[in-house]
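The values are calculated or read from the model by the stated rules, or taken from the named source; none is laboratory data. In this text the structure is predicted, and so the values were computed from the model without any measurement. Here the Cβ positions follow ideal geometry from the backbone for every residue, glycine too, while neighbour counts run over all protein chains shown.
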Amino acid sequence: MTFETRPTRSARLYLVCIGVGLLAGLMSGLFGVGGGTVIVPLLVLLLGFDQRLGAGTSLAAIVPTASVGVITYAIDGHVAWLPALILAAFAVVGAQIGTWLLPKLSQTALRWAFVAFLVVVMVSLFFVIPSRDAELELTWITGPGLALLGVITGTLAGLLGVGGGIIVVPALLLLFGTSDLIAKGTSLLMMIPTAISGTVGNLRRSNVDVRAALFIGVAACLTTPVGALIAKFVDPFVGNVLFAIFLVFIASQMAVKAVRGRHQH
């Protein structure tokens, strides 16, 4: 990693990091996502981080953010602990598959496929309204289902650099019939081991701006409980609509990358 890609230390850098963290924390608590989909583009756009350094810094900031989110959801019993661990374990396997497949597949085609997947999810969110009482029970069917979901999530994370929450939350809602709050709390717990292992690897490769990650992470910890609180008081259907709007933002980001990728070939 060359140090030219690192932005100079300045008051602006830290203020932007705090602002990015506050926004990412709110999204993280509200939607059960890591916040990387907000952090990475903003670091690249506002501070001139290169994509890889932005992703590494974002992943490090997600560790405290997701931890605070899990605690907030767990207080009300909205975390399925064992399913989250199954998802995390198999996501690690999936990430290895994703990085192995990366050089073999067309990134542009993958991105368009992911945009199509997000469109299907968005439409489904208007028809499937989760019950707040629905649990995520471990059975002979849901156990292997969660393992498969973990592998798919990890593979897509390795291929596209998307966080697990974008896939896990709608999958738990739509395929497993889980309550929206349990889906979000479980998704945040699943992210922690993956984010820690990824961050260890990134630190070895000097792929993390540690100080920026610290400012983002601490700021995000302040707003994650606020996001989780809003999620709890918002009607499940309204929650779905908000999540669908958030997915439009993610899908448009991915579509822009796909178009740019095609022009670069």
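How many residues are polar (S, T, N, Q), under 20 Å from the mean Cα position of the chain (by Cα) and surrounded by fewer than 15 Cβ atoms within 10 Å (Cβ to Cβ) if we restrict to region 96-135?
Number of matching residues: 2.
What pairs come up if the first residue lies in region 145-156 and is surrounded by fewer than 19 Cβ atoms within 10 Å (Cβ to Cβ), the second is not in a helix (DSSP H, G or I), and their beta carbons are under 8 Å apart, counting only those six or more places apart or on different chains?
GLY145/LEU175; GLY145/PHE176
Residues to consider are ILE18, ILE75, ILE39; find the one that is farther than 17 Å from MET191 by Cα, of a type in the set (Val, Ile, Thr) and touching a residue at least 12 places away in the same chain (Cβ under 8 Å).
Answer to the selection: ILE18.
State whether the residues of region 181-192 include one that is modelled with pLDDT under 90, of a type outside the set (S, T, N, Q) and part of a helix (DSSP H, G or I). So that I can check it myself, show each step before the final result.
So the first thing to find is which residues in region 181-192 are modelled with pLDDT under 90, and the list is none.
Checked region 181-192: no residue is modelled with pLDDT under 90, of a type outside the set (S, T, N, Q) and part of a helix (DSSP H, G or I).
If you take the residues in region 225-265 that are polar (S, T, N, Q) and within 18 Å of the chain's Cα centre (by Cα), which one is surrounded by the most Cβ atoms within 10 Å (Cβ to Cβ)?
Only one residue fits best here, namely ASN240.
From the list VAL259, VAL200, VAL238, which residue is assigned to a helix (DSSP H, G or I), farther than 23 Å from VAL70 by Cα and not polar (S, T, N, Q)?
Result of the check over VAL259, VAL200, VAL238: VAL259.
Does any residue in region 112-130 that is closer than 18 Å to THR37 by Cβ come within less than 8 Å, Cβ to Cβ, of a residue that is assigned to a loop (DSSP other than H, G, I, E, B) six or more places away or on a different chain, and which pairs are these?
Partner pairs satisfying both residue conditions: PHE114/VAL162.
Pull up region 140-166, narrow it to residues that are assigned to a loop (DSSP other than H, G, I, E, B) and within 12 Å of the chain's Cα centre (by Cα), then point me to the one that is modelled with the highest pLDDT.
GLY164
Okay, residues lined up against (1) in a helix (DSSP H, G or I); (2) without any contact (Cβ under 8 Å) to a residue 24 or more places away in the chain; (3) not β-branched (Val, Ile, Thr):
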{"position": "GLY98", "(1), (2), (3)": "yes, no, yes"}
{"position": "GLU135", "(1), (2), (3)": "no, no, yes"}
{"position": "VAL168", "(1), (2), (3)": "yes, no, no"}
{"position": "PHE176", "(1), (2), (3)": "no, no, yes"}
